[in-house]
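**Q** Okay, handing you the structure first.
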Amino acid sequence: MPGYNPAMSLIVEYIAGLAPWIYALCGLSALVYLYRVRSIRTERLQAIFALEHERAARATAGVVTSVIGLLVVMGLTYFISNVDQAMAEETGAETLVEARTESGSAPGLGADPGLNPVDETTAAGQVATPPEDLRNVPICEDESASLSSPAVADELAGRVAVQGTAVHDDLASYVIDIAPGSDPADQDFTLLGRAYNTVRTGLLWEFDASAIGLSGPYTLRLSVLDADDAPLATCSVAVRIVN
């Protein structure tokens with residue numbers, strides 16, 4: 001956070017924590033001053049001499065000054081409380097971004113290495129040289145599973161965001177996997193990640209194309225699974241890895 005001062009942050013947090021007590025104390029003080037104003041007014045009505053009127057006027061001015069001070073204290077407390085809340089939200093947002101950067105996956109998603117014996121960390125260098133052909137269109141069974149990005153024949157390098165839809169009444173999870181070539185067998189696919197939430201036109205997963213291995217054409221596939229890991233719907237798209 002630019003200009004972040006730990007000592008100032010502690011002071012702001014401490015004052016924000018005392019805000020309810022400060023408000024309560026200011027409220028009680030206001031009641032006392034209200035009672036004092038009524039007493040001064042009674043004294044002025046009963047006053048005979050000019051000196052008594054002058055003394056009542058000075059007391060009234062003192063009460064007004066004190067009330068203004070209470071309003072200033074309450075305003076500062078309110079401002080500091082808002083600053084503390086904004087700092088907490090900003091810190092939380094920065095932590096989320098850092099966690100996502102370190103993990104390299106979409107928020108709330110986790111890989112399931114038990115689904116496939118070959119995972120991301122062991123995929124590099126273990127795929128054969130893919131044949132030089134590509135399908136022209138994505139192959140999707142129905143709208144329950146669809147891929148909007150990457151598109152057909154996209155060249156993938158570095159971090160790749162997989163966008164699309166994974167929705168079904170019986171959805172228990174969905175997986176993203178990849179295999180060399182345009183028409184690979186099921187056993188040729190390598191697991192990239194698995195998630196357990198429904199996604200409608202959004203981020204499904206992120207992966208590092210440089211960890212896949214050799215450059216060439218590949219098939220990227222989305223599979224929507226039920227509780228028994230049986231596929232409910234799939235969608236695949238032909239892409240090209242460029243390393």
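Each reported figure results from applying straightforward, stated rules to the coordinates on display, with no laboratory input. As the structure is a prediction and not an experimental result, all values here were calculated from the model. Every residue, glycine as well, gets a Cβ built from its backbone with ideal geometry; the counts of neighbours run over all protein chains shown.
**Q** Compute the orientation-averaged projected area for segment 181-243 from the convex hull of its Cα atoms and round it to one decimal in nm².
**A** Result: 4.9 nm².
**Q** Between GLN46 and ARG200, 0.36 nm times their residue separation minus their Cα-Cα distance comes to what?
**A** Result: 47.7 nm gained on full extension.
**Q** What nm value, rounded to one decimal, do you get for the distance between ASP228 and ASN243 when each label is placed 7 Å out toward the C-beta?
**A** Rounded to a tenth, the inter-label distance reads 3.7 nm.
**Q** What full-extension length gain, to one decimal in nm, is calculated for GLU54 and ASP208 as 0.36 nm per residue of separation minus the Cα-Cα distance?
**A** 47.2 nm
**Q** Quote to one decimal, in nm, the extra length available between ALA30 and ASN82 on full extension: 0.36 nm per residue of separation minus the C-alpha distance between them.
**A** 16.4 nm
**Q** Could you order the peptides 146-157, 204-215, 13-24 from most to least packed, using the average number of other C-beta atoms within 10 Å per residue?
**A** Ranking the peptides 146-157, 204-215, 13-24 by packing returns 204-215, 146-157, 13-24.
**Q** Could you list which residues have their amide H under 5 Å from that of GLN163, counting only those 5 or more apart in sequence or on another chain, with H placed in the peptide plane?
**A** Those lying under 5 Å, H to H, from GLN163 are SER148, SER149, LEU204.
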